[in-house]
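To start, the structure itself, in structure tokens.
The numbers here are math on the coordinates, done by the rules we state, and not lab data. Predicted, not measured: the structure shown is a model, and the values here were computed from it. Glycine also receives a Cβ, built like all others from the backbone with ideal geometry; neighbour counts cover every protein chain displayed.
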Amino acid sequence: MTSRLLYRSLIALLMISTLTCNLVMITFLQRFFYGDLKVEDPATLYRISSSIGSRGDLSYPDFRRFSETCDAFDSLSATFLERGIAVYLEENALWSDIAWASGSFYDVVKNGNLVGGRFFDDTDDKPGAAKVAVLNQNSWEKLRPGKPFQAGAQVFVKGQAFEVVGIVTNDFPFLDSMADINVWAPIQQNPLSWQYEIDGALNYQLLARLDPSKTNVANLQIAAALEDVKERLGFTYSAKVLSETDFRIQRRPGMYRLFLVLFLVTGFLFLLGTVNQLLMLVTRSVAISADLKVMAALGARPKHILFRFLRGFSNLVVVSIVGVALCSVTIVQLYNYFWGVNYGVIPLSRLVEPLPLAILTTMLVMLVTLHVSFPLITFFSAGDSLLTRGRAAGSRYSAKNRLSITGVIFQVALVTVCILGCGAFLNSLQSEGSVKASHNEQRLLCINMALASQETEYSNVVSNRLNRIGNALLELGGVEAYSTSNALPLHNSGGGQIMVEGEPKKEEPEWISAAFVSPGYFETMGIDIYKGRDFLREDATKWPHEKYIINQAYADKEFPDTEPLGRRIAPWEGTGFGEIVAVVQNVPDTVSGNIRPKIYIPFYQNRFVLNLFLSHPVLPEIHGRLISEKIQEIDPEAVIVSIETIDTIWDEILAAPRLGFIILLTLSLVGLFLSLSGIYGYQSYIIALRQREFAIRHAIGQPTTELFWSEVFRGLKITLIGFACGVAIFYLGLYAFKADLYNIHLPALSAIIISIALVSAFTTILTLASSSTKTPKLEILMRE
């Protein structure tokens, strides 16, 4: 480059962009995978999990067996989470997540986030003890706004009064959920005793606190207990020290894959920025060293020479650090503004935590070392040759230029991979957006609600209340059918193992999707019943269940050569065998469109999604408020959380992938900027070094247009080699890691369009960088 200011500006931009991307990415990774588990001494906390899920199929009786046989542990605990339970704070119903925990839970997690009062203990976790509960800060604020904790307050859960004995912080750890828990209560205080008394009825999370002095004995005891569970249930279980990374990966596998991709991209960007800076240093260090040598030849002292060099570079470093700080704060604040509500706010203090700062400092020291060492090494090693015309020994035949060409190829290949990856990611989003939830999806209105009550209500009472609401909506007009389910369309509704009567238990059974639905669900959703009948009201009010419906995928898997109707199956082992009464059409559970074996269970729940099939596709957008008012009129205690259409459901489902795409696109565009900057710097500096050659060639008659295009094609040939390498790397990586990267793919037409755009960008930047060849500097020859 001929301009020192341009050189320093490009170096500053390269440092700011590479360091900012890596600082922000490390901050994001910390937010989602590290630093939020509020437990003490995690190295002695064991978490028992199965081979088929994060919690597995352990019941409360299993916890009792573990407690009796594993006395080498300091303490063991069990917890069970119930979502969407109506908890009454005086007269107000609070939509709550309740964690039923053993009295030992607080001792096991060793968490000090108790704001007021106390946490319940083993003396409270008994069927005959006084009922007590602990609220988080948000719940207490709704009960006693602006007031500190005071004993004596009560909340009603499932028709029973619980005295509030303490308050914990909102992030008090459940360890099997990323969500805040509103209410904590002892397991054996649960009014529905079957939820902890019946073996195999519900899944419980088991935690064990290890006594380090008894490690060997504890490991033997837990191994024996796990082997006993395996023989009884058929699952492979393990007890592992709590790993925060594993925990978050298990809870958010999609986010994990996304951030793994983003982490790789930011690593690429740092390499890209470093290569660009090396590229400029290789071509510029000779000129910088020559300037320093001239100063020495004119009598300047070595310390003055070094001081001037370091002063100029230190100013560049200060500007870069300020730029990194401003850009990082801006990016985090923009994330908090647009996505913080849905995915959690990232405090600015995250940017200055030890890990991000350590990585940033390491990268900065490395870059500073490169920028200082290259010119100084050249200054001390090249000698007086720097004072001759040889100082411009950057011709296209020099070793330094060959190194520069390698750098250009490398960075073009990297940015090609990133940009093609963005195209593949966008294509996968479009593919997911085309998945149909059911035939009736455009006329569906889904109301997320609960039939709250201060009394304990069973399925027959819930059924009566639901029927009153449904009949009123049918009379209102515009509603043709209604039913309930435990999940929105295209949302995972849960699952478990399915036992088939007369067949042996499988060693590692497949996880079968399951949904709780009310009669009329298939008509409402537009799911065809291939054979058999729909559920009846009496099917949904009996316990244990006696009738089940399966989809065609489960029928093909489990009964390929026999008639499934009349066969008897049992979900989750312990609820009794029931008869299959119908086989229905396959519908996707998720936006991937994959069809999984599924079982439908008839059940009336007081917490559900009310699915309404409306008479016209425009009604879901305009009929919601009227329907909501009618529901409140018929049942004032009904709590309506949200009203969803298929469009709002899609917006919510695709929010996280869209956020990931935006981040990936932003990083890739930064990478493209870095790559174009590197190409421009290399091309323009090589041309500047060859000005004498161009003047001679022009003087002997070669047209400037020919000079110009020869240099453009020379640079384009180098970039096309890098582009071809990038395309090859992308498709090889796509083939090798397709299963781990959302099963993304890139259609040929999209790849061609992206390729044309990239090659056009490279050609444009080469054209700009080669423009000086159109005006050869003949004064160079005149001076000679």
Reduced to Cα centres, the span from region 708-725 to region 535-600 in Å works out to 62 Å
Additional length obtainable on full extension of the chain from Asp651 to Asn170, 0.36 nm per residue less Cα span: 170.4 nm
Taking region 441-652, how many lysine pairs are there with alpha carbons less than 15 Å apart, if each pair must be eight or more places apart or span two chains? 4
Using the Cα gyration tensor of region 441-652, with a ≥ b ≥ c the square roots of its eigenvalues, what is the shape: rounded (a/c below 1.5), prolate (a/b larger than b/c) or oblate (neither)? prolate
Filtered GluC sites (Glu not before Pro), region 72-124: DSSP coil and at most 10 other beta carbons within 10 Å: Glu91
Give, in nm to one decimal, the length gained when the segment between Ser750 and Leu669 is fully stretched (0.36 nm per residue of separation minus the Cα-Cα distance). 27.4 nm
Assertion target for Cys70, Cys725, ordered by fewest C-beta neighbours within 10 angstrom first, is Cys725, Cys70
Restricting to Cα pairs under 8 Å and 6 or more apart, the percent relative contact order of region 441-652 works out to 39 percent
With label points built 7 Å along Cα→Cβ from the Cα atoms of Ala151 and Asn471, find their separation and express it in nm. 5.0 nm
Long-range share for region 587-728, i.e. C-alpha pairs more than 21 Å apart as a percent of all pairs, stands at 72 percent
Most exposed first, judged by fewest Cβ atoms within 10 angstrom, Val345, Val318, Val132 run Val318, Val345, Val132
Scalar couplings 3J(HN,Hα) for region 527-533 by Karplus 6.51 cos²θ - 1.76 cosθ + 1.60 (θ = phi - 60°), nearest whole Hz, x for Gly and Pro, are 9, 6, 8, 6, 8, x, 10
What number comes out for the charge environment of Gly166, summing +1 per Lys or Arg and -1 per Asp or Glu over other residues with Cβ under 12 Å away? -2
Given charges at beta-carbon only (K, R positive; D, E negative), |dipole| of region 441-652 in Debye: 280 debye
Highest mean first, how do 600-613, 474-487, 115-128 rank when packing is the count of other Cβ atoms within 10 Å averaged over residues? 600-613, 474-487, 115-128
Length released on extending from Ala224 to Asn113, taking residue separation times 0.36 nm less the Cα-Cα span: 36.5 nm
